[in-house]
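Everything below concerns the one structure shown next.
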Amino acid sequence: MYCSMHLFFNESKVSLVNTDHTYRVGWETLQTGNAVDAVAAGCAQCETEQCDSTVGYGNSPDENGESTLDAMIMNGLTHEAGSVAGLRRVKDAIAVARAVMEYTKHTLLVGDLATKFAIEMGFKEEDLSTPASINKWKEWKGNNCQPNFRQNVSPDPATSCGPYQPLPSESWQQSRQNQVHFDNQNHDTIGMIAMDRDHNMAVGTSTNGANHKVPGRVGDSPIIGSGAYVDNNVGGAAATGDGDTMMRFLPSYQAVESMRNGMQPNEAAAEALLRITRLHPDFEGAVIAANTKGEHGAACVGFPGFKYNVYDNNGPRSIDVTCKKSTKKPSRYNL
């Protein structure tokens, strides 16, 4: 699996990205700009290129066939941050997130009102759908809306489309046969960590979320501490995978705090995932981390493979990470 995670260090710069061109854009920006500039530019390039079809417009349609975007950016020096979630009809998600950070005193804007803010800030309103995303949605509808993210509703979401109604708790299923698995076509986020020549750090994420999600769903990517987190005194981290589970554990924040307490980046990433798999042994995800010394590492679970990219004064390179296997556990409703 190739994950859109990149580290950039200018003298010690780390950032996460997906394509060689995205790499170059982030790195080149870092030569004359700061860490925030590099993260914004790298993520924006990935949005334009629709990296892995999981970033940017024109993919991951929700149940209604609409593509929406999530993004966040955080400044490690000031701890200022900006996020957008469920952004509709505006392609430039990471740039809008930066506008939230720089032009408001808020941290997170969502949905249609995030779109309204973006238009006020000069961003273009346009359709995020493409023929590919529309065809993907039509195929999903033609397959009885399989797989999907519904549970404990009627009609049976394992065999039928909605509209759905909630079931009483005594009728809840013991297990879900249409469980969605997060793979590189359904989970991926671009996550970037950057350090500039002044040793200031920044992180950012951007994604179009999970395929066929329930409309209005927000994953972990725009959530500070879950999708990414950074502290200039310690380092930064970013995560990818099953965002609905990860946001309950704030793995990026946890990785940074573990580095603060003396762990190496790979150990901190593994510890953050361990806190999840103790309760969710079937979890699938990964965390990448880098400290202020330019040391970096990652850990992953449940994926067949995982890579992240590093670009520093020694040039670009990809790092392969061996993932731990996830295990299935009995449903909590088994009696």
Pairs, please: C-beta under 7 Å, at least 6 apart or cross-chain, first residue closer than 15 Å to M101 by Cα and touching a residue at least 24 places away in the same chain (Cβ under 8 Å) and in the stretch 218-234, second open to solvent by 10 Å² or more (accessible area, probe 1.4 Å) and not polar (S, T, N, Q)? P222/L108; I223/M247; I224/A81; Y229/Y253
Scanning the stretch 287-326 for residues that are basic (K, R) and in contact (Cβ under 8 Å) with a residue 12 or more places away in the chain, which turns out farthest from S252 (Cα to Cα)? K325
Scan the stretch 35-62 for residues that are crowded, with 21+ Cβ neighbours inside 10 Å and not in a helix (DSSP H, G or I) and jot them down. T54, V55, G56, Y57, N59, S60, P61, D62
Inside the stretch 20-48, can you point out the residues that are of a type outside the set (G, A, S), at pLDDT below 90 and within 17 Å of A93 (Cβ to Cβ)? T22, V25
When the stretch 111-135 is checked residue by residue, the ones that are over 19 Å from H212 (Cα atoms), open to solvent by less than 80 Å² (accessible area, probe 1.4 Å), hydrophobic (A, V, I, L, M, F, W, C) and not in a loop (DSSP other than H, G, I, E, B) are A114, F117, A118, I119
In the stretch 66-86, which residues are farther than 19 Å from D196 by Cβ, part of a loop (DSSP other than H, G, I, E, B) and open to solvent by less than 10 Å² (accessible area, probe 1.4 Å)? S67
Residue list for the stretch 144-161, filter: among the β-branched types (V, I, T) and farther than 11 Å from Q173 by Cα: T159
Given the condition surrounded by 20 or more Cβ atoms within 10 Å (Cβ to Cβ) and among the polar types (S, T, N, Q), answer yes or no: does some residue in the stretch 91-107 qualify? no
Pick out the one residue from R176, R197, R150 that is modelled with pLDDT under 90, charged (D, E, K, R) and surrounded by 14 or more Cβ atoms within 10 Å (Cβ to Cβ). R176
Keeping to the stretch 83-111, report how many residues are free of Cβ contacts under 8 Å to residues at least 40 places away in the same chain and either under 14 Å from V218 (Cβ atoms) or of a type in the set (G, A, S) (or both). 3
Residue pairs, Cβ under 8 Å, 6 or more apart or interchain, first in the stretch 236-262 and crowded, with 20+ Cβ neighbours inside 10 Å and part of a helix (DSSP H, G or I), second among the basic types (K, R) and modelled with pLDDT of 95 or more. List them. P251/R275; Q254/R275
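Table: residues versus (1) closer than 17 Å to T207 by Cα; (2) of a type outside the set (K, R).
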residue	(1), (2)
A71	yes, yes
F117	no, yes
K124	no, no
N148	no, yes
Answer yes or no: is there a residue in the stretch 130-143 that is among the polar types (S, T, N, Q) and within 20 Å of V36 (Cα to Cα). no
Selected residue (criterion: nearest to G219 (Cα to Cα)) from residues of the stretch 277-290 that are surrounded by fewer than 24 Cβ atoms within 10 Å (Cβ to Cβ) and touching a helix residue (DSSP H, G or I) at 6+ places or on another chain (Cβ under 7 Å): F283
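The values are calculated or read from the model by the stated rules, or taken from the named source; none is laboratory data. On a predicted model such as this, the values are computed, not experimentally measured, just so you know. Cβ: placed from backbone, ideal geometry, glycine included. Neighbour counts: every protein chain shown. Protein only, heavy atoms only, side chains kept; ligands, DNA and RNA dropped before computing areas. Shrake-Rupley method; radii C 1.70, N 1.55, O 1.52, S 1.80 Å.
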